[in-house]
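Since the structure comes first, as structure tokens, the remarks are kept for the end.
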């Protein structure tokens, strides 16, 4: 139940040791977001940047965190994504220095790029600097983190990324309730910005157009996969504790098929990212495919575990019940049929047949 989640049989021994150590630390957080913040340095030290030749190791790290504790993974994944975004941006202070009160080389980071109905965050330029005003939804752990990469609307309908100091007096939590049963410790309510100083990260629309946008989405899918592995391991454990009948065997077989397909698309995606085959429109298409395959696999594993384990572990085992609830919320970052439709539109826009 505590082995790292691997996408390759050739994972080096030193990396296995690092993954095992991080998995133990993540399991020890016991669903606490505050305790999970203590993982950030270890995870950052162990995580390569995507697209620099070892993306597979990054995805294995994210999957291992997901299998250990999805709250811990939900804290670490956006921090690593923010570090990647900052590394990909060209115009930040030299050597990761400070600007507008932001230390780009340290601290805990989030990424707030979601949009919501009736909400808009706008960016305006004043005397050579930028300020953000409005409301931003889905700002996870804003009261616990130091900084965040935030997207806002600029002139002419464009969107731009900015780095902000979350302790700024111009940034305050909006009224609202976080009543989620899954990822309950990762408060993700909206923030209100009032002339909050911000430092631009990339030009207009760079955040969405860069290759790393798709790669970050694949990283999230690796966490979903790890969470599904954790659920499936509990199903396997139950069948080894008693003589499994044919139904139990069928459910384990179904979970295995789902996880095998997800693991293979993640490993192939890592190879595509490092080889340059996941750039531009190809990267966007790849991300839609990977996220769809992994999300479907996670939902099938959740179903197999529910049918195979019954209500007992959901009502009497804190870790399993929390993992199921966390994964059900986490995987809803995939928008189901809407994302399938987006994928279909991408395929129809291409001249060549996809299969």
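Please determine whether any residue of the range 165-184 is within 21 Å of residue 89 (Cα to Cα) and not in a loop (DSSP other than H, G, I, E, B). Yes; the residues of the range 165-184 include at least one that is within 21 Å of residue 89 (Cα to Cα) and not in a loop (DSSP other than H, G, I, E, B). Within this structure, residue 334 passes the test of being closer than 23 Å to residue 66 by Cβ, in contact with a helix residue (DSSP H, G or I) (Cβ under 6 Å, 6 or more places away or on another chain) and in contact (Cβ under 8 Å) with a residue 24 or more places away in the chain.
Residue under question is residue 148, and the condition is that it be closer than 24 Å to residue 69 by Cα, assigned to a strand (DSSP E or B) and touching a strand residue (DSSP E or B) at 6+ places or on another chain (Cβ under 8 Å); does it hold?
Numbers: closer than 24 Å to residue 69 by Cα: yes; assigned to a strand (DSSP E or B): yes; touching a strand residue (DSSP E or B) at 6+ places or on another chain (Cβ under 8 Å): yes.
Considered against the rule, which asks whether it is closer than 24 Å to residue 69 by Cα, assigned to a strand (DSSP E or B) and touching a strand residue (DSSP E or B) at 6+ places or on another chain (Cβ under 8 Å), residue 148 comes out as yes.
May I ask you to list the residues in the range 125-145 that are in a strand (DSSP E or B) and touching a strand residue (DSSP E or B) at 6+ places or on another chain (Cβ under 6 Å)?
Answer for the range 125-145, where residues must be in a strand (DSSP E or B) and touching a strand residue (DSSP E or B) at 6+ places or on another chain (Cβ under 6 Å): 130, 131, 132, 133, 134, 135, 136.
Residue check: residue 142 meets all listed conditions (1) free of Cβ contacts under 8 Å to residues at least 60 places away in the same chain; (2) at positive phi but one, namely (2). Close contacts from the range 243-257, counting a first residue that is in contact (Cβ under 8 Å) with a residue 60 or more places away in the chain and a second that is buried (at least 16 other Cβ atoms within 10 Å of the Cβ), with Cβ to Cβ under 7 Å and a gap of 6+ residues or different chains, come to 248/239; 248/308.
Go through the residues of the range 94-106 one by one and say whether even a single one is touching a helix residue (DSSP H, G or I) at 6+ places or on another chain (Cβ under 8 Å), buried (at least 18 other Cβ atoms within 10 Å of the Cβ) and either under 20 Å from residue 184 (Cβ atoms) or modelled with pLDDT of 95 or more (or both). No, every residue in the range 94-106 fails to be touching a helix residue (DSSP H, G or I) at 6+ places or on another chain (Cβ under 8 Å), buried (at least 18 other Cβ atoms within 10 Å of the Cβ) and either under 20 Å from residue 184 (Cβ atoms) or modelled with pLDDT of 95 or more (or both).
Please indicate, with yes or no, whether at least one residue in the range 174-188 is in contact with a strand residue (DSSP E or B) (Cβ under 8 Å, 6 or more places away or on another chain), within 25 Å of residue 72 (Cα to Cα) and modelled with pLDDT under 95.
Yes.
The requirement of being part of a helix (DSSP H, G or I) and surrounded by 19 or more Cβ atoms within 10 Å (Cβ to Cβ) is satisfied by residue 228.
The one condition from (1) closer than 30 Å to residue 251 by Cα; (2) surrounded by 18 or more Cβ atoms within 10 Å (Cβ to Cβ); (3) not assigned by TED's automatic domain parsing to the domain that holds residue 301 that residue 190 does not meet is (1). Say whether the condition of being assigned by TED's automatic domain parsing to the domain that holds residue 254, closer than 28 Å to residue 54 by Cα, in contact (Cβ under 8 Å) with a residue 40 or more places away in the chain and assigned to a helix (DSSP H, G or I) is met by at least one residue in the range 275-282. For the range 275-282, residues assigned by TED's automatic domain parsing to the domain that holds residue 254, closer than 28 Å to residue 54 by Cα, in contact (Cβ under 8 Å) with a residue 40 or more places away in the chain and assigned to a helix (DSSP H, G or I): present.
The values are calculated or read from the model by the stated rules, or taken from the named source; none is laboratory data. Keep in mind that what you see is a predicted model, and the values were worked out from it rather than measured. When we count neighbours, we look across all protein chains shown, and the Cβ atoms used for this are built from the backbone with ideal geometry, even at glycine.
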